[in-house]
Amino acid sequence: MRALFLPLYDRKWASSRCRVYLYKKKLEEYSIKVNILSPPNPNIYSRGFYVFRIFYLLLWADLIYIQKKIFPPFFFSVIRILNNKLIFDFDDAIFACPTSVDPYLFNAECNEKKLGNVLKKCRHIVTGNSYLSQFAKKYNSHITIVPTPVDHELFSPVLPKTADASLERKGGKVVLGWVGKSENLVYLDLVKEALQEISNIRQNLIILKIVCDQPYFIKGVDVLNQPWDIKNEVDNLRSIDIGLMPLIDDEWSRGKCSFKAIQFMCLGIPVVISPVGTNKEIVSHGINGYFANTKEEWTKRLLNLIDDEKTRREFGLAGREFVIAKHTYEVTTPILVKVLRGVFCD
């Protein structure tokens with residue numbers, strides 16, 4: 001079997017990196033030849049060469065795997081004529097208005113129509129979670145959920161020999177951490193007041209570490225901004241003691257696949273997260289993490305973990321066990337292989 005993958009992004013973006021690029025070697029172990037055509041640069045020459053390579057590879061491939069990329073209708077029709085064994089993968093609510101975007105500037109109805117037309121014309125749909133599958137069912141009955149996996153060997157915890165060694169490494173402070181793109185910094189506004197209160201109650205005891213492409217500051221909170229870098233991605237997260245994933249309960253956020261929380265958990269880092277979308281499926285409250293909605297809940301849950309290293313360790317171990325059981329390539333690759341073979345043999 002020969003499969004052509006058309007990801008939306010290059011390797012730097014987690015969505016395409018984890019759902020396409022890192023699968024190449026895994027799929028080839030199942031005798032599936034994989035060709036990944038990365039998106040072009042903005043210049044005309046690069047775009048033209050990209051189109052040429054698509055048409056060339058369409059004749060080579062037995063099936064086409066499109067990851068979150070909505071082609072213009074005419075171009076998509078030509079692709080279907082040359083090779084109609086199409087699979088479409090999406091792990092975000094790309095039919096909805098992003099939380100950080102003004103709804104008045106976003107045509108959700110038009111966006112949903114474009115996506116719906118693509119979903120109708122594909123042989124199979126792969127989604128990152130059940131919420132996205134419910135949407136896809138309106139247009140196609142052939143759907144498989146493939147959670148976004150994490151490399152659990154790469155994202156392995158480095159446990160200090162003693163608790164004292166851990167505190168010494170961080171200057172005696174507990175590190176709360178958040179990681180994401182700058183457009184998602186809006187979510188941190190949800191916990192700003194709780195973090196200010198905690199900083200006031202536990203003066204000089206906590207640091208908020210932000211791993212992002214843009215700095216973020218909260219008055220009265222000791223904030224460490226760390227630019228995101230794929231080479232240092234794991235090390236930047238390992239220094240965090242408690243992972244944060246606040247979300248606004250809207251259509252866009254419900255479509256998220258909780259990947260950042262899953263990375264924290266795989267590293268043995270306990271999490272406090274909003275009970276929104278997939279977050280409700282990956283955390284068992286009080287077992288491998290905490291849910292928090294209000295300022296009072298965020299304050300209480302975070303203080304519990306800040307003051308109780310034993311619970312942090314227990315949550316961290318339970319979280320890693322959950323991720324290994326549900327969100328690794330060893331679990332998801334056979335599911336994806338079954339989808340590819342099903343479309344190939346159809």
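The values are calculated or read from the model by the stated rules, or taken from the named source; none is laboratory data. These numbers come from a predicted model, not from an experiment. All Cβ positions, even for glycine, are placed from backbone atoms using ideal geometry, and neighbour counts span all protein chains on display.
A few remarks follow.
- In summary, Gly255 fulfils each of the numbered conditions (1) under 26 Å from Pro157 (Cα atoms); (2) surrounded by 22 or more Cβ atoms within 10 Å (Cβ to Cβ) with the single exception of condition (1).
- First in the range 118-130 and closer than 17 Å to Val20 by Cβ, second anywhere and at pLDDT 95 or above and polar (S, T, N, Q), Cβ under 6 Å, 6 or more apart: Ile125/Asn140; Val126/Thr144; Thr127/Ser133; Gly128/Thr148
- Selection from the range 70-116 of residues that are among the aliphatic types (A, V, I, L, M), under 24 Å from the mean Cα position of the chain (by Cα) and more than 24 Å from Glu183 (Cβ to Cβ): Leu86, Ile87
- Scoring Pro72 on the criteria (1) surrounded by 15 or more Cβ atoms within 10 Å (Cβ to Cβ); (2) free of Cβ contacts under 8 Å to residues at least 40 places away in the same chain leaves a single failure, condition (1).
- Output for the range 199-213, where each listed residue is in contact (Cβ under 8 Å) with a residue 60 or more places away in the chain and part of a loop (DSSP other than H, G, I, E, B): Arg202, Leu205
- Failed condition for Leu305, given (1) of a type in the set (A, V, I, L, M, F, W, C); (2) touching a helix residue (DSSP H, G or I) at 6+ places or on another chain (Cβ under 6 Å); (3) not in a helix (DSSP H, G or I): (3)
- Listed by position, the strands (runs of 3 or more DSSP E) contained in the range 214-294 that have at least 3 residues being closer than 26 Å to Val101 by Cβ and free of Cβ contacts under 8 Å to residues at least 40 places away in the same chain are 223-227.
- Residue satisfying all of: in the range 16-43; out of contact with any Lys or Arg (no Cβ under 7 Å at 6 or more places or on another chain) and of a type in the set (Ser, Thr, Tyr); surrounded by the fewest Cβ atoms within 10 Å (Cβ to Cβ) among these: Ser31
- Selected residue (criterion: nearest to Tyr9 (Cα to Cα)) from residues of the range 44-54 that are surrounded by 12 or more Cβ atoms within 10 Å (Cβ to Cβ) and of a type in the set (Phe, Trp, Tyr): Tyr50
- Residue count for the range 131-153, restricted to those that are assigned to a loop (DSSP other than H, G, I, E, B) and either without any contact (Cβ under 8 Å) to a residue 24 or more places away in the chain or touching a Leu at 6+ places or on another chain (Cβ under 9 Å) (or both): 10
- Just one of the numbered conditions (1) within 30 Å of Ser77 (Cα to Cα); (2) at pLDDT 95 or above is not true of Glu112: (2).
- Selected residue (criterion: modelled with the lowest pLDDT) from residues of the range 308-346 that are part of a helix (DSSP H, G or I) and acidic (Asp, Glu): Glu309
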